[in-house]
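The values are calculated or read from the model by the stated rules, or taken from the named source; none is laboratory data. Please read all numbers here as calculations on a predicted model, not as lab measurements. Cβ: placed from backbone, ideal geometry, glycine included. Neighbour counts: every protein chain shown. These accessible areas exclude ligands, DNA and RNA; they are computed on the full protein's heavy atoms, side chains included. Shrake-Rupley method; radii C 1.70, N 1.55, O 1.52, S 1.80 Å.
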Amino acid sequence: MPNKIILKKKILNFNKKIIIPGDKSMSIRWVLIASLADGISKAKNLLMSDDVLATIQAIKKLGIKVIINNNICIVHGAGINGYEYRKNIVINAQNSGTLGRLISGVLIDTPYPIKIIGDKSLSKRDFKRVAKPLSKFGASFQLRKNCNLPLFIKGSQKLKPIRFVENRGSAQCKSSVIFAGIKTDGKTIIKAKKSRNHTELLLKYLKLPIKIKKNKDFDLIEVCKVNKIKPINYMLPSDISSGAFFIALTVLTKNSKLIIRNVSVNPTRIGIISILKKMGVKISFLNKKIYKGESIADIFVKSPKNLKSVNCPPNLNSGAIDEFLIIFLVAAKAKGVSIFRNLDELNKKESPRLEWGSRILTMMGIKVLTTKNSIKIFGNPKLSVDKKIVIKNYLKDHRVFMTSVIAALSFGGEWHIHDKDAIKTSFPSFLKITNLFKK
């Protein structure tokens, strides 16, 4: 069976209610924390994507028992110091930067060297950004070319707390230091640019020694050593990063409405909502509630009659960093010129996404101007594609694949999109849910 899809038909108007699988960031964090807990933790609606399954395989290699039964994942936590460290352990993070970086902090006390590897895409990404602060705890790290995987970690039994300034808005770097901090005597202090805060919220809910002081542009986080973590049973909310593709499909399809049930609307994750509202899209949260520290709601979106261009405030970037490809697609249909700046972090993802955003829009006939960290999109409200477009050689970046599918369904044309297996890293049921909109 060829590993590509061919799409030739636009989707007509719709009125749908859908459920999206569990949040990927929260799923990975839950697995890691459950492995460090004393006793049995259970999760429902855990995302069964390659990234999360790689996390489960990683803790299994460290001696943690995991049982997956239907839609329930059971982790037999061994305690904060309960990993079975052995010689010659190799952990394959596959495509997951979240796993690769977070587990680097979790393994800060390993007495034997542990090797972390990844796929071709992950092996091109910068791991010095976690190795540098983590080494200050007293562990040693070795990287290929001083930056890339494979990474070798040799922990320390005499860890010392650190002060760390995270100024990129990287939740992965911040969380890796938090995980190292909970294994270290003394107080670790982190001054972090605003980014997703699932790790902090989960630790706070568990009443672990973490303090968070919020300022306008950064958070001041204090973490102390943890002696015991209670098991945590969890019902994973749906992933707004996955839901974003169907939000965009609704925005780009005339006379359409959509409700996505039970979605994580954590304030650090809803940059796309803020940006789309600035473009004239009507989006609202229904049945909003707090669940174990996290904000959850049903998202209602209605397609607008007209889309306005946007000069996107850079302070919204970190809350929309995984959604910019699909935001660019919406801007392609807006009236006027949309401007997005300070996006150098976008080219440090699974693929150089700023380049791919520009490339996809250019193939569709949209004028774009890009620099190494910005893009101007000259929107066309009457945009329609009537040619063949081929998407391939994109390092199997799941978001490039899904953005291309939404572009095909929204604007027409004949799209040949390769490497459909790319969606297995974050959203295996993407095409199945997409088919619901064709009925």
Checklist entry - Which one of S256, S338, I89 is farthest out on the positive end of the charge dipole of the chain, using unit charges on Cβ (Lys, Arg +1; Asp, Glu -1) and the Cα centre as origin? => result S338
Item to check | Neighbourhood net charge (10 Å Cβ-Cβ; Lys/Arg +1, Asp/Glu -1) for T425 | outcome: -2
Checklist entry - Using the alpha-carbon centroid of each, what span in Å lies between the range 1-58 and the range 95-122? => result 20
Checklist entry - If the cut-off is 15 Å between C-alpha atoms, which aspartates and glutamates fall inside it for K87, apart from same-chain ones fewer than 8 positions away? => result D109
Checklist outcome for this item: Of I273, I89, I240, the most mobile residue in a GNM of the chain (C-alpha springs, cutoff 10 Å) is I89
Checklist entry - Given the Cα-Cα distance of K372 and N70 and 0.36 nm per residue of separation, how much length would full extension add, in nm? => result 104.2 nm
Item to check | Candidates V165, V66, V31: whichever shows maximal mean-square fluctuation once the chain is modelled as a Gaussian network with Cα springs under 10 Å | outcome: V165
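Once you list every other residue whose beta carbon is under 14 Å from the beta carbon of K87, what net charge do they have if Lys and Arg are +1 and Asp and Glu are -1?
My count for the surroundings of K87 gives +3.
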Checklist outcome for this item: With P150 itself left out, Lys, Arg at +1 and Asp, Glu at -1 over residues whose Cβ is under 9 Å from its Cβ give +2
Checklist outcome for this item: In this structure, among K213/K288; K194/K382; K136/K289, pairs with alpha-carbon gaps over 28 Å are K194/K382; K136/K289
Next on the checklist: Name the residue from L316, I19, I240 whose Cα lies farthest towards the positive end of the charge dipole of the chain, charges +1 on Cβ of Lys and Arg and -1 on Cβ of Asp and Glu.
Outcome noted: L316
Checklist outcome for this item: Over the chain, with neighbouring protein chains present, the accessible area per residue in Å² at probe 1.4 Å is 42
Checklist outcome for this item: The percentage of the accessible area of the chain (probe 1.4 Å, all protein chains present) made up of carbon and sulfur atoms, to the nearest whole number, is 50
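What number, rounded to the nearest 500 deg cm²/dmol, is the helix-based mean residue ellipticity at 222 nm of the chain, given -39500 (n - 2.57) per DSSP H run of at least four residues and division by all its residues?
Only helices count here, giving -8500 deg cm²/dmol.
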Next on the checklist: Roughly how far apart, in whole Å, are the Cα centres of the range 263-294 and the range 337-380?
Outcome noted: 24
Checklist outcome for this item: Here Rg/Rh (Cα, Kirkwood) for the range 77-142 equals 0.95
Checklist entry - Could you state the principal axis extents of the C-alpha atoms in the range 1-64, from the largest down, to the nearest angstrom? => result 52, 31, 15
Checklist entry - GNM on the chain, C-alpha springs below 10 Å: top fluctuator among V390, V281, V223? => result V390
Checklist entry - Among K282/K372; K348/K438; K132/K424; K24/K392; K16/K214, which pairs are too far apart, with a Cα-Cα distance over 27 Å? => result K282/K372; K348/K438; K132/K424; K16/K214
Item to check | Rg to Rh quotient for the range 25-165, alpha carbon positions, Kirkwood Rh | outcome: 0.96
